[in-house]
Structure formats: C-alpha cells, structure tokens
Amino acid sequence: MLTHAKPIAAVTGALALAATLTACGGSSAASDAKTVTVYSADGLKGEARDGWYDKVFADFEKKTGIKVEYVEGGSGEMVQRALREKSNTQADVIVTLPPFIQQADSKGLLQAYKPEGADQVGGGDKSGDGKWTSVVNNYFGFIHNKKELPAAPKSWEELLDAKYKNKLQYSTPGVAGDGTAVLIKAMHDFGGQEPAMEYLKKLQANNVGPSSSTSKLAPKVDKGELLVANGDVQMNYAQARSMPNLGIWFPAKGTGRPTTFALPYAAGLVDKAPHADNGKKLLDFMLSEQAQREVSAIGGGFPARKDVKPTDANAIELAKLLEGVEIFEPDWSDIDKNLKTYVDAWKSATGS
C-alpha cells in the first residue's frame, strides 16, 4: 500500500529540486580543510542570494571560518552523483527530498550522525538510526498563473481541459523530487498505481514534456508560458517574492478535499566524507534555533524543529495556505522499495 491517511494538526514536513550542476565539489574542495561540500536539491538557495541557504551558509562561514562549496541538482541527480563518486567521495553533506534520502541511505551513502537539536525533530521527519534528519519542512503543491488564470483549478480532472494543452508541465518523476511527488499524490488520490497511470496517460495530451528541474517551471508560469506546473510550497512561496503571478494550490480528485503531503528537505552526513567534522558542524548549525527561526522568515518554509514556532508574517500566511487541505503520510519505505516500478509504469503510460 502506497500511503495511509493521517491528518496532521501541526505543520510538519519538508521541499525541493534541481538545476544544472555547478562546477564545485571536486578534488580541490577535498584538499582544503576549511571547506564543507554540500550536494543539495534546489529550492533553498535564492535567485538573488536571498534564500535560507544564502543566509545560513554566510552565517556559518562567519562563525566557523568554514566555506561552503555548494552543488545543486535534482534529488535523484544528487544521489546518483554521490553514488558515482563512492570510491572517491567528494560530498560531505547531502540534502534531498524523500524518497531520495531513503534511497541514499539504502545505497550506503550515509553515515550515522544525530545533529544537535535533532531531538526536537519529529519521529517521521528523521531516521531512527540517525542517518538523516529533516532541516526544513515543506509540502508538495502546484502553481498557477494568477493573471491568466485568476481562479486556481480545483481538481485533477480540470487539467484535462483543452485550454491547458501545451500550457501545463510537471518535472520528471525519478529525477526530480517534486516530479516524483506527482506520482505519489496521484496514486494516493486516485487509489492506486493503475488508476493514477490511466489519468496521467490522459494528462499527457496537455503536458509540454519532461523537465529535470522543478524550480525552472516557476518562471514559465509567472510569465504565462505555462498556466499550471508542479512545485512545492517552500520553493514557490520563496519564488513568489520576485514572481508576483505565482499562486499555490492543491488538486483534489473530483469534488473531494484537496490533498498534500510533507516533502521535507532531509540532510545526511555522507559516508567517508572528506570533511566529516565540518559536515557535522554544518548539520548542527542548520538545526540551531537561530537557523530554524529563519526558515519561514527568509526561506518561506516550515521549521523542522517542533520547539521553534515562528510568528512572522510568512509563517502566518503559510499556515493559511494549508487550511482545509487534507495531509496524508506516504509510506516512504514502500516508495523507496518500489520507486523504479512506479517510474517505469509512468514511462509506459506516458510514452516518456
């Protein structure tokens, strides 16, 4: 069974995805003891250097003298890169969305480390053996162009309308974390793999095509090139600061309640990390009360720590976005085990 319904009263969870790899994290980083290399899904670094990562990394370097070397890509892309480098490890910390953090663990890419503050992270947002811990909570969602489409669609079925032909796009399942989330939500909402694939086969008539990066879809929606795309709450909320036409919404099946699920940014210390001590210090810093208080105010996300309860304007607005939305809890162990089967079924259904 893919998911089980579990209404969540408090806001918990996590985010995001991928762009072209930057040319860092190579052997030069490994030779410098005052660096730490982070492989991460995109969404937490701002387009104008105004994101949560930008602030946290700058504060971390100022406090410790350790420079953060940053490599960004899709969640699956980051895991595959780390896997290719397993005999010559370059990354110290990896941050991905589920189910890719579980995949990294199952492939032996992570070592156990429980950061300071991890005791305040909910049990569902960290592994029991200390291999990974959520650092920013988030939720899966969709975006629409508020100018061209003032009223957001309400249901999956509405997206089959001809007006969305070549005006709809979602990122690639199996490559992008948010793209994989499309499959997870569809299988939950439609009641299983087969009906979900039947729907996505129909939706393909309107779909522009694959995209390895979810974050690159938002500018297209903002400009009106697309009317609808997938995303996640944290990333899209942060992007909306410079993209005023973005609106966040959650599809329902038919006339049912809209649904979503937690999609956290989860971080782990890489096995055989060249700068493991620096990686541990960075994980501690990301879970510090100071950094967690800035998750909503700067990053547009939700704190991973339960004892940090922000009251800034962003936190209030983010909570309102989830009012009336049913939050379900995916069976991540099932998804990790059967991800290839689900992605292959999607490829077969859509001809991708």
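The values are calculated or read from the model by the stated rules, or taken from the named source; none is laboratory data. All values reported here derive from a predicted model rather than from experimental measurement. For neighbour counting, all protein chains shown are included, and Cβ atoms are generated from backbone atoms with ideal geometry for every residue, glycine included.
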Residue set 134, 215, 242, 155; condition closer than 24 Å to residue 294 by Cα, of a type in the set (Gly, Ala, Ser), surrounded by fewer than 18 Cβ atoms within 10 Å (Cβ to Cβ) and in contact (Cβ under 8 Å) with a residue 40 or more places away in the chain; output residue 242
Restricting attention to segment 317-352, and to residues there that are among the acidic types (Asp, Glu) and assigned to a helix (DSSP H, G or I), which single residue is farthest from residue 179 (Cα to Cα)?
317
What is the residue count in segment 41-57 for residues that are outside any loop (DSSP other than H, G, I, E, B), in contact with a strand residue (DSSP E or B) (Cβ under 9 Å, 6 or more places away or on another chain) and under 18 Å from residue 292 (Cα atoms)?
4
First in segment 305-328 and within 17 Å of residue 140 (Cβ to Cβ), second anywhere and among the charged types (D, E, K, R) and outside any helix (DSSP H, G or I), Cβ under 8 Å, 6 or more apart:
324/257; 325/257; 326/257; 327/6; 328/6
Determine whether residue 230 is modelled with pLDDT of 95 or more and part of a strand (DSSP E or B).
yes
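Being surrounded by fewer than 23 Cβ atoms within 10 Å (Cβ to Cβ) and assigned to a helix (DSSP H, G or I) is the filter here, so list the residues in segment 294-316 that pass it.
294, 297, 313, 314, 315, 316
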Considering only segment 45-63, how many residues are farther than 14 Å from residue 281 by Cα and of a type outside the set (A, V, I, L, M)?
10
Look through segment 318-340, keep the residues that are among the acidic types (Asp, Glu) and modelled with pLDDT of 90 or more, and return whichever of them is farthest from residue 296 (Cα to Cα).
334
Among (1) assigned by TED's automatic domain parsing to the domain that holds residue 47; (2) buried (at least 20 other Cβ atoms within 10 Å of the Cβ); (3) at pLDDT 95 or above; (4) in a loop (DSSP other than H, G, I, E, B), residue 291 falls short only on (4)
Give me the residue from segment 93-115 that is at pLDDT 95 or above and either in a loop (DSSP other than H, G, I, E, B) or not assigned by TED's automatic domain parsing to the domain that holds residue 277 (or both) and, out of that set, surrounded by the fewest Cβ atoms within 10 Å (Cβ to Cβ).
108
